[in-house]
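Report on the following structure.
The values are calculated or read from the model by the stated rules, or taken from the named source; none is laboratory data. Everything numeric here is computed off the predicted structure, so don't read it as measured data. Please note: Cβ atoms are built from the backbone with ideal geometry, for glycine as well, and neighbour counts cover all protein chains shown. For accessibility, only protein heavy atoms count, side chains too; no ligands or nucleic acids. Shrake-Rupley method; radii C 1.70, N 1.55, O 1.52, S 1.80 Å.
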Number of protein chains: 2
Amino acid sequence: MRVPQTWLGVAPDDPFGPATLPYGVFSPADGGRPRVGVAVGEWVLDLAAAAHALDAPFAEAADAPVLNPLMARGPQTWRAVRSTLTAWLSDPAYEEALRPHLAQRSGVRLHLPFEVGDYVDFYSSEHHAANLGRILRPGQPPLTPNWKHLPIGYHGRSGTVVVSGTEIVRPMGQRKPPSAERPEVGPSARLDVEAEVGFVVGAPAPRGGRVPVSAFAEHVFGVFLVNDWSARDLQAWENVPLGPFLGKSFATSVSPWVVPLEALEDARVAPPERDPEPQEYLRDAAGEPWGLDLRLEVRLNGHTVSRPPFSAMYWTPAQQLAHLTVNGASLRTGDIYASGTVSGPGPGEQGSLIELSFNGAEPLELPGGGTRGFLEDGDTVSISASAPGPGGAVIGFGEVVGRVLPAQG
Amino acid sequence: MRVPQTWLGVAPDDPFGPATLPYGVFSPADGGRPRVGVAVGEWVLDLAAAAHALDAPFAEAADAPVLNPLMARGPQTWRAVRSTLTAWLSDPAYEEALRPHLAQRSGVRLHLPFEVGDYVDFYSSEHHAANLGRILRPGQPPLTPNWKHLPIGYHGRSGTVVVSGTEIVRPMGQRKPPSAERPEVGPSARLDVEAEVGFVVGAPAPRGGRVPVSAFAEHVFGVFLVNDWSARDLQAWENVPLGPFLGKSFATSVSPWVVPLEALEDARVAPPERDPEPQEYLRDAAGEPWGLDLRLEVRLNGHTVSRPPFSAMYWTPAQQLAHLTVNGASLRTGDIYASGTVSGPGPGEQGSLIELSFNGAEPLELPGGGTRGFLEDGDTVSISASAPGPGGAVIGFGEVVGRVLPAQG
């Protein structure tokens, strides 16, 4: 596929060029209400206003303060909107009608793009799971016996999913240092990040309507970035026997721009070889695997500390969705799920500080001076990503950023 | 407090008498839209219609297909609505105005009473946790080291919370019998119930707004019954290291009537002694503990198989809420949490079949013939409860019922 050109003069290598066209929710600089927008270069298009002006059939679905109504329309509408946008932005005949509905991205405020239904967090990087096994269960096999048979996951807290830029207050809670006799209550001393990739469900599925791997793109609307903030000390104390709870539930940050799945056709790659062969309901659709060549970058106070490769993930998002629904669980528009921490096999490819600093034992040296085992108050973490697009284009995901504030006593 | 009388002639010992006045959502026999109702005896009052007719200030909040807008108004409104209802139903002067807005409960259809935000499931019965420890981790201490320091909990799936009466399709999934070399996929062979008590948040709390034990009644609107259906074989295989997922997420049934917390003043009891003393943020408010003398009853195909006493719960719902928010997690109107399986110390007081049948090893004899280790297709489970009310009145919770349908292959 050729990269379309636009009358906006967006550079061909702009990560938000016409091959990306991500969706988000913004309010204008002058403070109007939140509305659906499409990013292109340095601009954001007010989608509902443009659709009303040009009598597009999706005007009503776009006229909302979240993406949910548009996402709920399903894949035919998603494709139609995207091809309409491409036509609008490539044909100068539309410039006059559209110009009034374009705003500078630098001037708008971005909001949580969707109303979240359920939030599931997976654990699908073999390298991450094995690293954590080695750190937390030394002397035992790094992966649990089930790990290569199913994508391990759990439900997180939907109500504390926040948009990039939201400040993250260091959580309080119980933790029990190995040396202590009793647990104590205080601010987490081991606050960490997890660089992940998120997926949002557009088209729902009824209870009992198991979604096969091959129907992934009929249900998932798009892709975004996730920082699954983690308080390792809270998590270690509470985790057995029912899994993560308060160590995760204080905040999960997501990037404001949702990249439509359609923009990622050129980023599809074969996932790593799976051994043993997965159960039938988890097998990749023939010739159409959903490995994705997304290249993440994690920055701490502006310094790149990791470049996790999403292509190394053991379980694909299509397998995750098939697993999530194999028991008959329904899907709602706005349900999201995240990949789990993305970690590659090489040095500097781990998506969490607990891995990068070997549980604090080997603190990271920051180029600007100082070291970090875990996050300190005032630290800013940003996660960004890009993927290959058609004809050499770059598909950008923007970033998810958060700054750590001191605990509130 | 005296039990108020009503011009409806409801018997003083009716579990839905004027001391209960639970809230639900119903649609009339003739098929109108879902609306908020209040149960009294064999009747249900259309709350918004009555409020409009009598110019009550809460008419707008009640005029919705879920309880959320009314719950969001906060405790002052909850108290005002309840005292207004008591006045209306006790003073014959209101009969003429209210009669047109009363329907026979037997004729209406009941709906999920709230839009669920997040769903957290706790694990707060010491007897249940110890029973499961003995069954699942024989030879080890029955309770994990953290159990008496904090109310263990995890997030469940909000999107599969269903109202009583919804049929439960036996879930499919992966399980690995100890004798098998590889996991297999199929219908759960160990489908179980968990009799629990649920709490719904009315008044929200912002991120960082930790809710102290003493503020429980300022946030929680009411109480209902929960059947947390559990596929033990799916759960056993997936559970380590991140806790329950598909073994629980296929369905959670809730009773249709939400009993306001105010109706439970006479049911408040001291919880069991806690040793060691809980951390400060988990200590009972002085002189005002939130142990609750709810008496549950579990029936399988009409036969009572268990009578779990809620008063035996180690952690109270006030402690659960304080724990849930100690890390700064926000609360939204419609967030729900469940107590965990209610099990008492005595025989026939366990709230799950895995306990009652000792993991299937000692199947229950059903009076009508047959035995059960776990649920069979066609089985119907109902959980009901009552609590002491003022002046000898009974506070009823109605019931949560579900029938098991065969797996869909």
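Values as computed for the structure displayed
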| read-out | value |
| --- | --- |
| Residues satisfying the stated conditions in the range A:362-409, i.e. open to solvent by less than 40 Å² (accessible area, probe 1.4 Å), out of contact with any strand residue (DSSP E or B) (no Cβ under 8 Å at 6 or more places or on another chain) and either part of a strand (DSSP E or B) or not small (Gly, Ala, Ser) (or both) | A:Pro390 |
| Residue match in the range B:227-240 (condition: closer than 24 Å to B:Gly389 by Cβ and of a type in the set (Ser, Thr, Tyr)) | no |
| Within the range A:112-143, considering residues that are over 17 Å from A:Met313 (Cβ atoms) and surrounded by 19 or more Cβ atoms within 10 Å (Cβ to Cβ), the one farthest from the other protein chains (Cβ to nearest Cβ) | A:Pro113 |
| Matching residues, the range A:346-355, being touching a residue at least 40 places away in the same chain (Cβ under 8 Å) and open to solvent by 30 Å² or more (accessible area, probe 1.4 Å) | A:Gly348, A:Glu349 |
| Cβ-Cβ under 6 Å pairs, at least 6 apart or on other chains, the range A:77-95 side not assigned by TED's automatic domain parsing to the domain that holds A:Ala203, far side in a helix (DSSP H, G or I) and hydroxyl-bearing (Ser, Thr, Tyr) | A:Trp88/A:Tyr94 |
| Count of residues meeting criterion [more than 7 Å from every other protein chain (Cβ to nearest Cβ), more than 19 Å from B:Val226 (Cβ to Cβ) and assigned to a loop (DSSP other than H, G, I, E, B)] in the range B:323-350 | 4 |
| From B:Val211, B:Val240, B:Val226, residue being in a loop (DSSP other than H, G, I, E, B), assigned by TED's automatic domain parsing to the domain that holds B:Leu136 and at pLDDT 95 or above | B:Val211 |
| Pick from the range A:203-254, criterion more than 9 Å from chain B (Cβ to nearest Cβ) and of a type in the set (Val, Ile, Thr), ranking: farthest from A:Met71 (Cα to Cα) | A:Thr252 |
| Output for the range A:7-48, where each listed residue is among the small types (Gly, Ala, Ser) and in contact with a helix residue (DSSP H, G or I) (Cβ under 7 Å, 6 or more places away or on another chain) | A:Ala19, A:Ala29, A:Gly37, A:Ala39, A:Ala48 |
| Leading residue by the ranking (farthest from the chain's Cα centre (by Cα)) among those in the range A:212-236 that are open to solvent by 30 Å² or more (accessible area, probe 1.4 Å) and among the aliphatic types (A, V, I, L, M) | A:Ala236 |
| In the range B:271-291, the residues that are hydrophobic (A, V, I, L, M, F, W, C) and open to solvent by 40 Å² or more (accessible area, probe 1.4 Å) | B:Ala286 |
| Residue tally, condition more than 7 Å from chain B (Cβ to nearest Cβ) and open to solvent by 20 Å² or more (accessible area, probe 1.4 Å), over the range A:144-161 | 2 |
| So B:Val38, is it assigned to a strand (DSSP E or B), closer than 12 Å to B:Thr86 by Cα and either assigned by TED's automatic domain parsing to the domain that holds B:Thr84 or of a type in the set (D, E, K, R) (or both) | yes |
| Residue match in the range B:56-68 (condition: open to solvent by less than 30 Å² (accessible area, probe 1.4 Å) and of a type in the set (S, T, N, Q)) | yes |
